[in-house]
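The next block holds one structure in the form of structure tokens; read it before the comments.
The values are calculated or read from the model by the stated rules, or taken from the named source; none is laboratory data. Here the structure is a predicted model, which means the values were calculated and not measured. Cβ placement follows ideal geometry from the backbone for every residue including glycine, while neighbour counts extend to all protein chains displayed. Calculation scope for accessible area: heavy atoms of the full protein, side chains included, ligands and nucleic acids excluded. Shrake-Rupley method; radii C 1.70, N 1.55, O 1.52, S 1.80 Å.
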Amino acid sequence: MADPSSYRPKPGQIPDSPGVYKFRDEHGRVIYVGKAKSLRQRLANYFQDLAGLHPRTRTMVTTAASVEWTVVSTEVEALQLEYSWIKEFDPRFNVKYRDDKSYPYLAVTLNEEFPRVQVMRGAKKKGVRYFGPYGHAWAIRETVDLMLRVFPVRTCSAGVFKRSAQIGRPCLLGYIGKCSAPCVGRVSADDHRELAEEFCDFMAGRTGAYIRRLERQMQDAAEEMEYERAARLRDDIGALRRAMEKSAVVLADATDADLIAVAEDELEAAVQIFHVRGGRVRGQRGWVTDKVEAVSTAGLVEHALQQLYGEERGDAVPKEVLVPALPEPVEPVQQWLAERRGSQVSLRIPQRGDKKDLMATVERNAQQALALHKTKRASDLTTRSRALEEIARALDLETVPLRIECFDISHLQGEDVVASMVVFEDGLARKSEYRRFQIKTFEGQDDVRSMHEVIGRRFKRYLQEKQRSGEWTEEPAGEAPVEDDGVPDAMAGRPTDDDGRPKRFAYPPQLVVVDGGAPQVAAARRALDELGIDDVAVCGLAKRLEEVWLPEEDDPVVLPRTSEGLYLLQRVRDEAHRFALTYQRSKRTKRLKSSPLDAVAGLGESRRQALLKHFGSLKRLRGATVEEICEVSGIGRKTAESVAAALAGAAPSAPAVNTATGEIIEDDGVPSAALSAERGQDR
């Protein structure tokens with residue numbers, strides 16, 4: 001692990017100008033690219049105390065071995081250069097959205113002599129008009145089939161077109177009236193291009209004029225008693241209206257806009273985009289990304305804008321882009337979008353009306369996409385089987401680890417030290433088997449010693465369960481630990497003994513995963529060796545590079561970042577971290593809420609509240625005499641003496657903190673001057 005101070009630039013060396021910076025690792029590979037309005041201020045944030053950095057940022061700066069920067073003139077240039085470098089270097093710590101599929105577009109090849117309507121995927125080509133993206137290619141073909149009645153544009157490939165021209169006969173579509181057959185000269189190139197342009201205008205949302213024109217033609221044909229022609233025009237109008245119904249009106253003012261929504265958790269984020277043209281949803285697409293860097297919702301939006309419009313020009317960038325959070329600062333991004341469109345672009349958060357309602361729909365789609373992504377990846381039997389096989393192969397296990405237990409230690413600056421144990425069976429979380437522990441043998445911060453204690457306590461109990469069931473004849477060494485899991489004994493679905501009590505630690509895992517590196521792994525292995533357990537494998541997953549550490553190995557096992565086995569280990573580790581952190585925070589909350597009055601025998605909640613209401617605060621109650629306490633309704637002299645004695649013997653409690661404002665509240669109930677105190681780093 002590199003020390004950031006070893007490559008920190010000298011004071012005054014970093015310019016106070018806009019620019020783009022790159023962090024490189026020891027092999028010279030670019031691992032992170034960022035931009036800044038002031039390079040000096042931004043880079044200084046990376047070289048502060050490691051404990052004050054976000055865990056992902058801390059991982060990045062300790063992985064890096066050098067930093068370099070490029071000065072630019074404006075923030076817009078910085079945005080453009082950042083986008084170019086991310087595409088060029090593909091840094092591992094930058095957010096990179098990945099499409100969950102290759103979305104099809106409806107394309108009109110206006111760059112050809114005889115424009116063709118077709119389904120296209122992949123990179124966009126110059127001179128081709130695109131509509132979409134669509135969720136499925138069949139949706140495009142259904143729309144095109146309806147519209148070819150009115151706009152019989154060529155849809156055949158170049159080979160079919162050339163062959164028809166050679167033999168002088170059109171293809172089947174030409175005979176049934178769904179192609180104007182320019183291949184055999186039924187229409188000129190100019191007339192066919194006009195048809196293609198009308199097709200594009202209709203797809204772009206200018207539908208009313210065509211419908212009204214066809215209705216007038218139908219009425220004229222009926223008046224002239226050309227009933228067959230009127231019937232054909234009636235069918236054409238019906239076809240166009242059915243095509244229009246496939247994209248319902250969502251914004252009444254014929255707005256051209258893209259709506260971007262984000263759903264995220266600690267590990268991943270999903271982005272959904274609705275493309276609205278002429279007030280109708282013309283396309284939808286979505287991305288999912290791993291949050292490999294410390295990034296806010298506004299940062300995710302900025303990355304999405306870069307990926308969405310980085311290669312676009314002109315009308316492909318809409319007049320209005322609606323987002324859930326604005327990038328900070330917003331002006332350079334807005335200017336960058338305007339340059340790509342060639343005119344002003346409004347980038348804003350919808351506040352009311354139809355646009356806000358539609359944004360809520362996009363957000364629901366993003367949430368469903370994230371949930372679906374996680375469900376697919378976690379619950380698919382084939383994927384889980386492959387993940388377990390990859391773990392077994394990477395760790396050289398005899399069998400796949402059908403039961404995995406993961407342990408994590410959590411504390412706040414050495415206080416309220418707790419541990420968690422989570423269980424995954426067949427690659428799925430088994431929450432009824434989760435357990436929580438308090439560290440009892442010592443006080444203070446020592447993750448290695450804590451891990452040794454927790455692993456020892458868990459497997460001592462396992463040996464005791466084996467002894468009770470008759471599977472173990474020797475007396476296990478050590479004293480039986482007291483469980484602190486706080487989970488009710490009566491759990492549905494758990495195996496029970498003859499007396500009906502659940503076997504709390506009856507089953508051993510095939511694999512123990514600890515949150516940490518080589519020291520934590522060594523401590524876990526030592527605890528198992530002391531108990532004589534040699535049939536349980538141990539590994540550790542270090543957050544810094546997601547390396548897998550094995551006991552007595554100098555080098556870690558590095559699984560590919562796309563490995564399903566690594567993804568499963570990450571999920572197990574992160575679930576253990578979440579469970580431990582939740583327990584640690586609940587203990588801290590209870591400790592901060594405790595009061596010396598809790599220890600007074602016979603003083604219930606109602607009378608405690610009456611005392612605090614009468615005196616206004618614990619500080620004023622502490623200063624009251626026994627006679628003054630007796631004045632409170634329901635408080636006798638004996639109880640008053642007990643209250644006074646309890647408060648006299650108790651040290652003043654730590655001040656409470658208003659979590660909404662950050663103010664420290666004194667015992668007299670009055671907030672002190674607002675203090676921006678750091679809460680400390682939870683882990």
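Out of 416, 447, report the one residue that is open to solvent by 10 Å² or more (accessible area, probe 1.4 Å), under 18 Å from residue 541 (Cβ atoms) and in contact with a helix residue (DSSP H, G or I) (Cβ under 7 Å, 6 or more places away or on another chain). Residue meeting the stated conditions: 447. Residue 679 meets the stated requirement of being of a type in the set (D, E, K, R), at pLDDT below 80 and either open to solvent by 70 Å² or more (accessible area, probe 1.4 Å) or assigned to a helix (DSSP H, G or I) (or both). In this structure, residue 68 does satisfy being loosely packed, with under 14 Cβ neighbours inside 10 Å and farther than 30 Å from residue 372 by Cα.
Taking the stated definitions as given, is residue 361 surrounded by fewer than 18 Cβ atoms within 10 Å (Cβ to Cβ), at pLDDT below 85 and within 25 Å of residue 288 (Cα to Cα)? The answer is yes for residue 361. Within the bounds of the range 40-50, is there any residue that is open to solvent by 40 Å² or more (accessible area, probe 1.4 Å), modelled with pLDDT of 85 or more and not in a helix (DSSP H, G or I)? No; the residues of the range 40-50 include none that is open to solvent by 40 Å² or more (accessible area, probe 1.4 Å), modelled with pLDDT of 85 or more and not in a helix (DSSP H, G or I). Looking only at residues in the range 1-39 that are surrounded by 17 or more Cβ atoms within 10 Å (Cβ to Cβ) and in contact with a Leu (Cβ under 7 Å, 6 or more places away or on another chain), the one that is nearest to residue 68 (Cα to Cα) is 21. Please work out if residue 259 is under 30 Å from residue 326 (Cβ atoms) and at pLDDT 65 or above. Criteria met by residue 259.
Applying the criterion of at least 3 residues that are of a type in the set (Lys, Arg) and open to solvent by 50 Å² or more (accessible area, probe 1.4 Å) to the strands (runs of 3 or more DSSP E) found wholly in the range 508-562 leaves an empty list. Screening the range 273-389 for helices (runs of 4 or more DSSP H) wholly inside it with 3 or more residues that are within 15 Å of residue 261 (Cα to Cα) and either out of contact with any Asp or Glu (no Cβ under 7 Å at 6 or more places or on another chain) or not β-branched (Val, Ile, Thr) (or both) returns the ranges 297-309, 353-379.
When restricted to residues that are crowded, with 16+ Cβ neighbours inside 10 Å and among the hydroxyl-bearing types (Ser, Thr, Tyr), the range 394-413 contains 1. Determine if the range 330-337 includes at least one residue that is modelled with pLDDT under 85 and either over 13 Å from residue 301 (Cα atoms) or surrounded by fewer than 16 Cβ atoms within 10 Å (Cβ to Cβ) (or both). No, the range 330-337 contains no residue that is modelled with pLDDT under 85 and either over 13 Å from residue 301 (Cα atoms) or surrounded by fewer than 16 Cβ atoms within 10 Å (Cβ to Cβ) (or both).
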